[in-house]
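Peer 1: Encoded as structure tokens, here's the structure I'll be asking about.
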Amino acid sequence: MKNITLALLALSLSFNVMAASLPPNSGLEVTADDLWSVHGGQLTLDFNQDLLRDFELQILSDSSDTRQALQISLRPQSTLSIWAPAGAFDGYSDGRLTLAGPLTVGTHAAGVQLNSLSIVPNPDDNLTLKVVDENDFAWFILTHIHSKVQLDDEVLSLKNMDINLTHEAANRLDRPQMSGFSLGVAYLETQLQVPLNIMLSAKQQAGSCSAANAQWHDGVNFETDVSLIAMNTVQQVNSSGGQIAIAPSATLENIGTADVPWYDKFTTTGADDFPEPYGMDQHPFLVWNLYRLVDGQLEQLGASGLKHAFLTVNTSCTCSGGSILWADNSPVNSGACQDTYGVGNNNSPADIGIREEVDANTSIWEQCGSIFAPNGTAPGPCTEEIFSIPFSTLERRLYVDIADLTTANAEYFLEGWYVIRDDINIFNSMGTQKVIPTGSGTTWSFPFDGPFTEGPMINRWINPSAPGSNETSQMTANENGHFTLASRADEISPGQYRYTYGLMNHDYTIGFSDLSVGIQSPPLSSAFDDEDHDAANDWPVVINSTAAITWTAANAADAQLWGTLIQFEVVSAVSPFDDLIRVTDQDGTVYMVPGLSPRETPLFADGFED
């Protein structure tokens with residue numbers, strides 16, 4: 001039974017056990033046997049020292065060496081209760097795990113030593129934990145936790161936890177702009193206490209949630225459909241040379257009818273060891289982009305590298321975390337499974353590659369020859385040669401010029417997209433969050449302005465379902481992928497019109513190399529803008545003053561990559577007309593897409609006119 005009320009939960013716990021403080025996350029009906037406990041263990045705190053440096057903070061344990069992650073034992077007599085129906089983790093209940101050592105938290109000038117810290121369930125969200133002092137003052141929230149019940153080892157493993165600074169702690173440290181910031185990543189392994197008969201039953205049940213029982217995508221009976229449902233945090237993670245790096249958290253849900261493979265890169269070790277269903281270590285990828293909207297013009301300010309997903313935690317359902325995101329209709333599962341990745345994890349160099357390595361239309365990534373196995377030769381499998389590749393100043397992060405965050409009357413949006421093989425709807429795997437860049441120098445925060453919105457950013461610029469006056473938007477889809485061309489015309493002064501064209505390559509892997517707009521008189525000006533702001537690879541423009549203005553990539557390396565936006569601009573003394581805009585991919589395929597142009601008689605044709 002799902003969605004039971006707290007009253008029904010209390011009734012189900014009328015047996016002779018201590019009533020739990022928090023109910024199971026999934027809302028499943030539970031019994032006394034489902035309330036397990038953990039004790040002791042070791043906590044590892046790996047703080048983002050670059051971020052702490054930017055905000056002039058420091059966090060120390062007994063050692064003052066901040067170059068290494070902090071490791072603090074937990075007192076063995078301290079315990080925490082968890083819900084684990086059928087052996088699947090389902091939220092924290094009550095209790096506390098007490099740290100055996102202190103932390104010193106503060107600025108470079110002064111700090112406070114915290115001697116009696118404990119980890120306790122968070123009453124606001126029982127999938128997260130709080131780190132509190134002896135007065136129950138909450139310093140940190142441990143969130144986006146990858147919780148895994150390891151029955152064979154009798155261990156509860158909590159990995160990749162964001163260490164978020166609470167609002168109250170940010171104020172106490174005189175850093176209110178850091179409220180909710182992820183300061184780093186935490187890891188915890190603690191001993192699991194389960195009666196033997198319960199453990200045997202749980203092992204049998206957990207075994208049903210295995211690849212042998214998965215229902216993979218076949219396009220008929222089972223279809224892959226994963227939705228990005230939240231980006232709870234967007235924040236600065238680093239700064240360098242007048243730029244800052246930005247990363248989000250991300251939460252998604254399997255709303256389809258197929259189970260989704262989630263195998264970490266280099267899962268395979270032998271030629272016959274590729275996992276089902278694709279015969280390769282398939283997993284989703286996350287990318288994110290930053291946009292600025294000002295005076296009717298949409299610009300992409302930055303693009304992330306390619307974040308490799310590696311584990312799904314499967315919350316809000318009855319299957320444990322692992323290598324499959326289970327569908328609600330699966331016979332071995334109940335509930336639409338969700339997965340989550342935090343800011344710290346999405347900023348991990350060991351998991352961020354480059355977009356060019358993935359065919360976004362098929363979502364296929366080849367191990368061999370990637371930056372993680374540069375000497376490997378396909379076909380694989382290949383062996384990972386570099387487990388943690390250090391970031392250079394700009395490489396693989398979404399960096400933005402600080403000067404671009406201070407534009408008057410501008411709006412800013414962070415867009416995320418999970419690239420997932422066989423996904424029947426890529427657009428609900430995308431979403432945008434409006435943010436307000438706030439700060440100066442090298443310290444910035446990004447508070448939210450409004451709710452998370454499903455779909456690509458270009459649809460927030462011009463709504464394809466209800467375009468405004470002098471606006472158009474057309475999405476084109478075929479076997480090569482999806483792209484959108486949107487156009488807008490604004491009268492910027494009497495008799496002068498600015499035409500803005502946004503070409504968004506969603507997952508059209510071939511890429512685009514040419515865009516041409518019909519004109520009937522010489523334009524007053526023109527412009528080109530892409531996400532890297534590198535003038536050296538801008539597309540040169542050719543103007544036939546009575547026919548067309550055309551931008552063409554100088555070479556294949558400058559063609560438009562998937563997941564990016566290019567903006568083209570024409571200023572003309574001619575008012576707007578409905579027209580066709582010519583878009584050409586790298587293979588020479590030509591598309592005639594509806595748009596606006598300063599030409600009364602259309603120059604281009606689509607072959608269907610009389």
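Peer 1: Report, by residue number, each residue of the stretch 63-79 that is under 20 Å from LEU158 (Cβ atoms) and over 30 Å from the mean Cα position of the chain (by Cα).
Peer 2: Of everything in the stretch 63-79, those that are under 20 Å from LEU158 (Cβ atoms) and over 30 Å from the mean Cα position of the chain (by Cα) turn out to be SER73, LEU74, ARG75, PRO76, GLN77, SER78, THR79.
Peer 1: Let me ask something else. Need the failing condition index for VAL419 against (1) under 15 Å from the mean Cα position of the chain (by Cα); (2) within 14 Å of ARG292 (Cβ to Cβ); (3) of a type in the set (Val, Ile, Thr), just the number.
Peer 2: (2)
Peer 1: Kindly provide the set of residues from the stretch 116-137 that are free of Cβ contacts under 8 Å to residues at least 60 places away in the same chain, of a type outside the set (Phe, Trp, Tyr) and part of a loop (DSSP other than H, G, I, E, B), ordered by number.
Peer 2: Our first condition is that a residue be free of Cβ contacts under 8 Å to residues at least 60 places away in the same chain; within the stretch 116-137, this holds for 116-118, 120, 122, 124-125, 128-137.
Filter again for of a type outside the set (Phe, Trp, Tyr), leaving 116-118, 120, 122, 124-125, 128-136.
Passing the criteria: SER116, LEU117, ASN122, ASP124, ASP125, THR128, ASP133, GLU134, ASN135, ASP136.
Peer 1: Moving on. Looking only at residues that are among the hydroxyl-bearing types (Ser, Thr, Tyr) and within 30 Å of the chain's Cα centre (by Cα) in the stretch 82-117, which one is nearest to GLU56 (Cα to Cα)? So that I can check it myself, show each step before the final result.
Peer 2: Within the stretch 82-117, the subset among the hydroxyl-bearing types (Ser, Thr, Tyr) is 92-93, 98, 104, 107, 116.
Then drop every residue that is not within 30 Å of the chain's Cα centre (by Cα), which leaves 92-93.
Details: TYR92: 34, SER93: 36 Å.
Step by step, filter the stretch 82-117, then rank; the result is TYR92.
Peer 1: Would you please list the contacts, defined by Cβ atoms under 6 Å and residues six or more apart or on different chains, that run from a residue in the stretch 586-605 that is touching a residue at least 60 places away in the same chain (Cβ under 8 Å) to a residue that is basic (Lys, Arg)?
Peer 2: PHE604/ARG582
Peer 1: For PHE372, indicate whether it is part of a loop (DSSP other than H, G, I, E, B), buried (at least 19 other Cβ atoms within 10 Å of the Cβ), within 15 Å of the chain's Cα centre (by Cα) and outside the structural domain of THR476 (by TED's automatic domain parsing). Break it down into steps so the answer makes sense when it comes.
Peer 2: Working: part of a loop (DSSP other than H, G, I, E, B): yes; buried (at least 19 other Cβ atoms within 10 Å of the Cβ): yes; within 15 Å of the chain's Cα centre (by Cα): no; outside the structural domain of THR476 (by TED's automatic domain parsing): yes.
Here the answer is no, as PHE372 does not meet what is asked.
Peer 1: Ok, one more. Here is a check on your reading of the model: is THR251 of a type in the set (S, T, N, Q) and farther than 28 Å from ASP532 by Cα? Break it down stepwise before answering.
Peer 2: Numbers: of a type in the set (S, T, N, Q): yes; farther than 28 Å from ASP532 by Cα: no.
When the stated conditions are applied, THR251 does not pass them.
Peer 1: Continuing with this model, one more query. Return a yes/no flag: does the stretch 232-243 have any residue that is closer than 25 Å to PHE89 by Cα and either surrounded by fewer than 23 Cβ atoms within 10 Å (Cβ to Cβ) or out of contact with any Cys (no Cβ under 7 Å at 6 or more places or on another chain) (or both). Even if it seems obvious, please write down each step before you answer.
Peer 2: Going through the stretch 232-243, the residues closer than 25 Å to PHE89 by Cα turn out to be 232-233.
Next cut, either surrounded by fewer than 23 Cβ atoms within 10 Å (Cβ to Cβ) or out of contact with any Cys (no Cβ under 7 Å at 6 or more places or on another chain) (or both) only: 232-233.
For the stretch 232-243, residues closer than 25 Å to PHE89 by Cα and either surrounded by fewer than 23 Cβ atoms within 10 Å (Cβ to Cβ) or out of contact with any Cys (no Cβ under 7 Å at 6 or more places or on another chain) (or both): present.
Peer 1: Any residue that is under 17 Å from the mean Cα position of the chain (by Cα) and outside any loop (DSSP other than H, G, I, E, B) - is there at least one of those in the stretch 262-277?
Peer 2: No, the stretch 262-277 contains no residue that is under 17 Å from the mean Cα position of the chain (by Cα) and outside any loop (DSSP other than H, G, I, E, B).
Peer 1: Only one of (1) under 30 Å from THR31 (Cβ atoms); (2) out of contact with any Asp or Glu (no Cβ under 8 Å at 6 or more places or on another chain) is not met by LEU173, so which one is it?
Peer 2: Result: LEU173 passes all but (1).
Peer 1: When the residues of the stretch 516-552 are narrowed to those that are in a loop (DSSP other than H, G, I, E, B) and among the charged types (D, E, K, R), which ends up surrounded by the fewest Cβ atoms within 10 Å (Cβ to Cβ)?
Peer 2: So the first thing to find is which residues in the stretch 516-552 are in a loop (DSSP other than H, G, I, E, B), and the list is 519-524, 530-534, 538-540, 545-547.
Subset that is among the charged types (D, E, K, R): 530-532, 534, 538.
Working: ASP530: 21, GLU531: 22, ASP532: 16, ASP534: 9, ASP538: 18.
Only one residue tops the list, namely ASP534.
Peer 1: Right, something else. For LEU97, indicate whether it is touching a residue at least 24 places away in the same chain (Cβ under 8 Å), aliphatic (A, V, I, L, M), closer than 26 Å to ASN347 by Cα and part of a strand (DSSP E or B). Talk me through it step by step, then tell me what you get.
Peer 2: Details: touching a residue at least 24 places away in the same chain (Cβ under 8 Å): yes; aliphatic (A, V, I, L, M): yes; closer than 26 Å to ASN347 by Cα: no; part of a strand (DSSP E or B): yes.
Spelling it out, it is not the case that LEU97 is touching a residue at least 24 places away in the same chain (Cβ under 8 Å), aliphatic (A, V, I, L, M), closer than 26 Å to ASN347 by Cα and part of a strand (DSSP E or B).
Peer 1: Can you tell me which residue in the stretch 564-584 is surrounded by the most Cβ atoms within 10 Å (Cβ to Cβ), limited to those that are more than 15 Å from PHE528 (Cβ to Cβ) and polar (S, T, N, Q)?
Peer 2: So the residue we want is SER572.
Peer 1: What about PHE274, is it at pLDDT below 95 and over 30 Å from SER493 (Cβ atoms)? So that I can check it myself, show each step before the final result.
Peer 2: Numbers: at pLDDT below 95: yes; over 30 Å from SER493 (Cβ atoms): yes.
So PHE274 passes the test.
Peer 1: Ok, one more. Give the stretch 352-367 a look and list any residue that's of a type in the set (Gly, Ala, Ser) and part of a loop (DSSP other than H, G, I, E, B), or say none.
Peer 2: Within the stretch 352-367, the subset of a type in the set (Gly, Ala, Ser) is 353, 360, 363.
Across the stretch 352-367, the qualifying residues are ALA360, SER363.
The values are calculated or read from the model by the stated rules, or taken from the named source; none is laboratory data. Note that this is a predicted model, so its numbers are computed, not measured. Note: ideal-geometry Cβ built from the backbone for every residue, glycine included; neighbour counts use all protein chains shown.
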